[in-house]
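Step one of this worksheet: look at the structure below.
The values are calculated or read from the model by the stated rules, or taken from the named source; none is laboratory data. Small disclaimer: the values here were computed from a predicted structure and weren't measured. Because the Cβ atoms are built from the backbone with ideal geometry, glycine has one as well, and the counts that use them run over all protein chains shown. The accessibility values were calculated without ligands, DNA or RNA, using every heavy atom of the protein model including side chains. Shrake-Rupley method; radii C 1.70, N 1.55, O 1.52, S 1.80 Å.
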Amino acid sequence: MARVVFLDIERQSGIADGIWQSKQTWLNPSQMLEAPSTICFAWKWLGEDEVFYSAEWNGGHKKMVKAAHRVLDEADYVVGWNSKNFDVKHLRTEMLLEGLRPPSPWKDIDLLLTARRNFGF
């Protein structure tokens, strides 16, 4: 039976020096004091009741990234809102930075892309 996981991540904004206006501006990398990062994620397997989460404040960043790697490695399908172009990309980046190999392949079911493709709201 296929393993289907629903997931969502939360990110923390970066901190930059020399920002004095509210409009979007481009930053020089030297202005970054702290880079944006993934701070937690939650997931639920289809057909199971329990919702799981992992956060950097519960065991550290590397433990959280390893948990995400285990989840994605086990999944056959990943379901989320804007998950293909946001959540999964950030998780893959975090895994690379932690020196982890890519997880096993899966199929993305991105509900934002599905809604845009099928509806005209």
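Any idea how many residues of the range 58-82 are out of contact with any Lys or Arg (no Cβ under 9 Å at 6 or more places or on another chain) and within 17 Å of Asp8 (Cβ to Cβ)?
11
Looking only at the range 72-113, which residues are touching a strand residue (DSSP E or B) at 6+ places or on another chain (Cβ under 9 Å) and of a type in the set (A, V, I, L, M)? Before you say what the answer is, go through the steps one by one.
From the range 72-113, those touching a strand residue (DSSP E or B) at 6+ places or on another chain (Cβ under 9 Å) are 72, 74-88, 90-91, 93-94, 106-112; that's our starting set.
Those that are touching a strand residue (DSSP E or B) at 6+ places or on another chain (Cβ under 9 Å) and of a type in the set (A, V, I, L, M): Leu72, Ala75, Val78, Val79, Val88, Leu91, Ile109, Leu111, Leu112.
Checking the conditions here, which among Gly99, Gly59 is at pLDDT below 95 and on the phi > 0 side of the Ramachandran plot? Before you say what the answer is, go through the steps one by one.
Details: Gly99 fails: at pLDDT below 95.
Just one listed residue meets the conditions, Gly59.
Kindly indicate the residue of the range 31-81 that is open to solvent by 50 Å² or more (accessible area, probe 1.4 Å) and among the aromatic types (Phe, Trp, Tyr) and also nearest to Ala115 (Cα to Cα) among those meeting that condition.
Step by step, filter the range 31-81, then rank; the result is Trp81.
Going by what's in this entry, would Lys84 be described as of a type in the set (D, E, K, R), within 16 Å of the chain's Cα centre (by Cα), open to solvent by 100 Å² or more (accessible area, probe 1.4 Å) and modelled with pLDDT of 95 or more? Before the answer, list the steps.
Working: of a type in the set (D, E, K, R): yes; within 16 Å of the chain's Cα centre (by Cα): yes; open to solvent by 100 Å² or more (accessible area, probe 1.4 Å): no; modelled with pLDDT of 95 or more: yes.
Judged against the criteria, Lys84 is not a match.
Pairs under 7 Å by beta carbon, first residue within 13 Å of Lys84 (Cα to Cα) and open to solvent by less than 100 Å² (accessible area, probe 1.4 Å) in the range 101-121, partner in a helix (DSSP H, G or I) and modelled with pLDDT of 95 or more, six or more apart or different chains?
Trp106/Leu72; Asp108/Ser83; Asp108/Lys84; Asp108/Val88; Asp110/Ser83; Asp110/Lys84; Leu113/Lys84
Identify, please: which residue in the range 92-105 is part of a helix (DSSP H, G or I) and charged (D, E, K, R) and is, among those, nearest to His61 (Cα to Cα)? Give the steps one after another, and end with the answer.
Initial filter on the range 92-105 (part of a helix (DSSP H, G or I)): 92-97.
Of the ones still in play, those that are also charged (D, E, K, R) are 92, 94.
Values: Arg92: 14, Glu94: 9 Å.
Only one residue fits best here, namely Glu94.
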